[in-house]
1. DSSP loop trypsin sites (Lys or Arg not before Pro) in the stretch 170-214 with at most 15 other Cβ atoms within 10 Å of their Cβ, which ones?
2. How big is the Rg/Rh ratio for the stretch 130-206, C-alpha atoms only, Rh by Kirkwood, two decimals?
3. Restricting to Cα pairs below 8 Å that are 6+ residues apart, what does the relative contact order work out to for the chain? Please round to a whole percent.
4. Nearest 20 debye, what's the magnitude of the dipole of the stretch 130-206 about its Cα centre given +1 on Lys and Arg Cβ and -1 on Asp and Glu Cβ?
5. How large is the charge dipole for the chain, taken about the Cα centre, if only the Cβ atoms of Lys, Arg (+1) and Asp, Glu (-1) carry charge, to the nearest 20 debye?
6. Which net charge results when you count Lys and Arg as +1 and Asp and Glu as -1 among the other residues whose beta-carbon is under 13 Å from that of Ser14?
7. Going by the alpha-carbon gyration tensor, a ≥ b ≥ c the square roots of its eigenvalues, is the stretch 7-134 rounded (a/c under 1.5) or, if a/c is not under 1.5, prolate (a/b greater than b/c) versus oblate?
8. Toward the positive end of the charge dipole of the chain, about the Cα centre and with charges on Cβ (Lys, Arg +1; Asp, Glu -1), which of Phe41, Ala230, Ala144 goes farthest?
Amino acid sequence: MNLESILFTQGFGSRRQCRALIADARVAIGGAACTDPLASFDTDGLAFTVDGEVWPFHEHAYLMLNKPAGYECSRDPQHHLSVFHLLPPPFAARGVQCVGRLDQDTTGLLLLSDDGQFVHAFTSPKRKVPKLYVATTRHPLDDAQLHALRDGVLLHGEREPSAAVAARARGERELELTVLEGKYHQVKRMVAAAGNRVDALHRERIGGFALPADLAPGAWRWLDAEQLAALRNG
Ligand code: URA
């Protein structure tokens, strides 16, 4: 693929902007600036730098973010900053979107991708991907609440009860809950329907993939092939 197309597909702006970056010697491959937009490279395992920052070539972007509180999962946020403020601009430019949404005050594992099939597979209600949350509750948890969450609670405006596939107390006010759907405010509404209240919510796991302990709040990383397989098989 030629250098202009490489930059274009990786989100570095219009073709004109990509040509300008190359002409200004801001793009390097193998440690040397390349000023020829038509120079051709094998993209398999390719890494290039733009203004000294290293970019591995990826046909599709698959990312994880440790979402902090106070960020909206929208490119056009209403009241807070967008999670896209935490990512380098080329990701939004190449069409990366959130794989499902977390509330602005929810923290933890958020996946993002520009692969429409991947996004659909993980957000489709039919696929039933388990998502594990840890909720800090306002009131102490009791067995009746845990049973209600597992048996199913009726949410306002819904005809069928919503049930957790697993619900257990990790502490007096710490609830571990696994749900298969991704309905609006689902965990908060379920906990409220069970007679308690969520004060803080954190997503720890999606499918077979857990948020890495060393990924700091606000930090992002590429998902590697092994992690993608864990997600797909989980
Ligand atoms: N359930 C909620 O209530 N909020 C989230 O952000 C995710 C799941």
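Just so it is clear, none of the values below were taken in a lab; they were calculated from the coordinates. Source: prediction; values computed, not measured. Cβ sites come from the backbone with ideal geometry, for glycine too, and all protein chains shown count toward neighbours.
1. Values: sites: Arg170, Arg173, Lys183, Lys188, Arg189, Arg197, Arg203, Arg205; in loops: Arg173, Lys183, Arg197.
Of the trypsin sites (Lys or Arg not before Pro), the ones in loops of the stretch 170-214 whose Cβ has at most 15 other Cβ atoms within 10 Å are Lys183, Arg197.
2. That ratio is 0.91, to two decimals.
3. 19
4. Numbers: 13 positive and 11 negative charges, 50 e Å.
I would put it at about 240 debye.
5. With only Lys, Arg, Asp and Glu charged at Cβ, the dipole is about 660 debye.
6. Taking every other residue near Ser14 into account, the sum is +3.
7. Because a/c hits 1.5 or more and a/b exceeds b/c, the stretch 7-134 counts as prolate.
8. Of the listed residues, the answer is Ala144.
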